[in-house]
Amino acid sequence: MLAAPARAADPLLQDLEQRLARGGADAVNAHLVARWQQAMVPLNRKAAACELHAVSLSVRLTRSNNARAVGAHGEALRAAAGLCPRFVLALASPAEVPGFCASMVSWGAAQTARELRRRIAGIDADEVLRAGARGRACRAAYVHELEHTRVVVKRAAPDARAAGK
């Protein structure tokens with residue numbers, strides 16, 4: 001039986017890798033910001049969908065001084081952390097884990113609460129993530145956000161008249 005032909009390398013990712021090798025993350029991010037629709041959007045879509053090469057490249061590109069680009073890569077990596085957390089966390093430095101293990105800007109409060117709980121349960125069910133320092137840090141970041149941010153469900157104050165009876 002013949003092996004399946006190797007999938008052609010993605011030209012966008014190849015170009016970005018070459019630019020990264022030549023000029024560093026700041027230069028690549030300047031290029032991406034200048035070509036937002038043609039380059040940044042497709043890269044982040046691929047990373048969010050857990051295309052491993054795009055995830056790897058995006059993690060490296062978050063190590064830059066370009067705030068707009070870093071924010072876009074971070075959002076894509078937060079999406080990826082819900083689909084391929086082992087891979088994202090394996091590439092992240094310990095300091096980067098809380099930023100990748102957070103809610104997405106586009107989520108409303110109810111969706112954020114559901115998704116954070118789903119991701120916490122996913123880590124709890126994965127022996128490798130549960131046992132590893134990065135998995136535990138990621139879980140802690142999700143729990144902290146769930147308990148201390150906009151998704152906190154506050155109890156209604158009891159009716160003062162009912163309480164006085």
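Is there a residue in the stretch 87-94 that is closer than 26 Å to H148 by Cβ, touching a residue at least 24 places away in the same chain (Cβ under 8 Å) and outside any helix (DSSP H, G or I)? If you could, list the steps in order and put the result at the bottom.
Narrowing the stretch 87-94 to residues closer than 26 Å to H148 by Cβ: 88-89, 92-94.
When the remaining residues are screened for being touching a residue at least 24 places away in the same chain (Cβ under 8 Å), the result is 88-89, 92, 94.
Filter once more, so that each one left must be outside any helix (DSSP H, G or I): 92, 94.
Yes, there is a match, as at least one residue in the stretch 87-94 is closer than 26 Å to H148 by Cβ, touching a residue at least 24 places away in the same chain (Cβ under 8 Å) and outside any helix (DSSP H, G or I).
With the requirement that a residue be more than 18 Å from M104 (Cβ to Cβ) and polar (S, T, N, Q), what does the stretch 14-60 give you? Scanning the stretch 14-60 gives Q14, Q18, N29, Q37, Q38, S56.
Annotation note: of A72, A47, the sole residue that is crowded, with 17+ Cβ neighbours inside 10 Å and under 27 Å from A131 (Cβ atoms) is A47.
Here are S103, S58, S64: which of them is outside any loop (DSSP other than H, G, I, E, B), of a type in the set (S, T, N, Q) and buried (at least 16 other Cβ atoms within 10 Å of the Cβ)? Criteria check complete, one pass: S58.
Of the residues making up the stretch 27-45, one or more are of a type in the set (D, E, K, R) and closer than 27 Å to A9 by Cα.
Laboratory data are not the source of any read-out in this text; all were calculated from the coordinates shown. Computed from a predicted structure; not experimentally measured. Cβ coordinates were reconstructed from backbone atoms using ideal geometry, including for glycine residues, and neighbour counts include every protein chain displayed.
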